[in-house]
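J.: This is the structure, below, for whatever I ask next.
Just so it is clear, none of the values below were taken in a lab; they were calculated from the coordinates. Given the structure is predicted, the values throughout are model-derived calculations rather than measurements. Counting neighbours? That spans all protein chains shown, and the Cβs are built from the backbone with ideal geometry, glycine included.
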Amino acid sequence: MDGFSLPYQKPFYNEFLMKCPPGIYERLRDAEITPGLDVSEYYPRLTDCILICTTELHSKCDLDYFLEVLR
């Protein structure tokens, strides 16, 4: 999706960093989705990056809603 990217091109399992356009954290909260961890507090060079985690507890419907909010 436009405006989103992966800062690292390494394989991952449940968690990954995603560089997001400004305002995405608020948009997720407004949609009642717990946003990923804003890692810039710990790694200042990773501004606008959030740590996303998904597991088998998230249904396809959950993931579709997450993507809909991101769009």
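J.: Please give the contour-minus-distance gain from Thr47 to Phe66: 0.36 nm per residue of separation, less the Cα-Cα distance, rounded to one decimal in nm.
T.: Taking 0.36 nm per residue and subtracting the Cα distance, the gain is 4.7 nm.
J.: Using a simple charge model, +1 on the beta-carbon of Lys and Arg, -1 on the beta-carbon of Asp and Glu, nothing else, what dipole does the chain show about its Cα centre, in debye to the nearest 20?
T.: Its charge dipole is roughly 280 debye.
J.: Turning to a different aspect of this structure: Do the sum for the chain: with -39,500 (n - 2.57) for every DSSP H run of n ≥ 4, divided by all residues, what is the mean residue ellipticity at 222 nm, to the nearest 500 deg cm²/dmol?
T.: Here the helix-only value at 222 nm equals -7000 deg cm²/dmol.
J.: Counting only other residues whose beta carbon sits under 15 Å from that of Asp38, what net charge do I get with K and R as +1, D and E as -1?
T.: Summing Lys/Arg as +1 and Asp/Glu as -1 gives 0.
J.: Let me ask you something else. Which percent of Cα pairs goes in each bin when the distances of the chain are cut into 5 angstrom slices starting at zero?
T.: Bin by bin from 0 Å, the calculated values are 3, 15, 26, 29, 19, 7, 1.
J.: Once phi is turned into ³J(HN,Hα) by the Karplus curve 6.51 cos²θ - 1.76 cosθ + 1.60 with θ = phi - 60°, what whole-Hz value does each residue of the range 23-34 show in order, with x for glycine and proline?
T.: Karplus-based 3J(HN,Hα) across the range 23-34 equals x, 5, 4, 5, 4, 5, 4, 4, 8, 6, 10, 5 Hz.
J.: Which one of Pro44, Leu63, Ala31 is farthest out on the positive end of the charge dipole of the chain, using unit charges on Cβ (Lys, Arg +1; Asp, Glu -1) and the Cα centre as origin?
T.: Pro44
J.: Determine the sum of side-chain charges near Leu51: Lys and Arg each +1, Asp and Glu each -1, restricted to other residues whose C-beta is under 12 angstrom from that of Leu51.
T.: Spelling it out: positives minus negatives among the neighbours equals -2.
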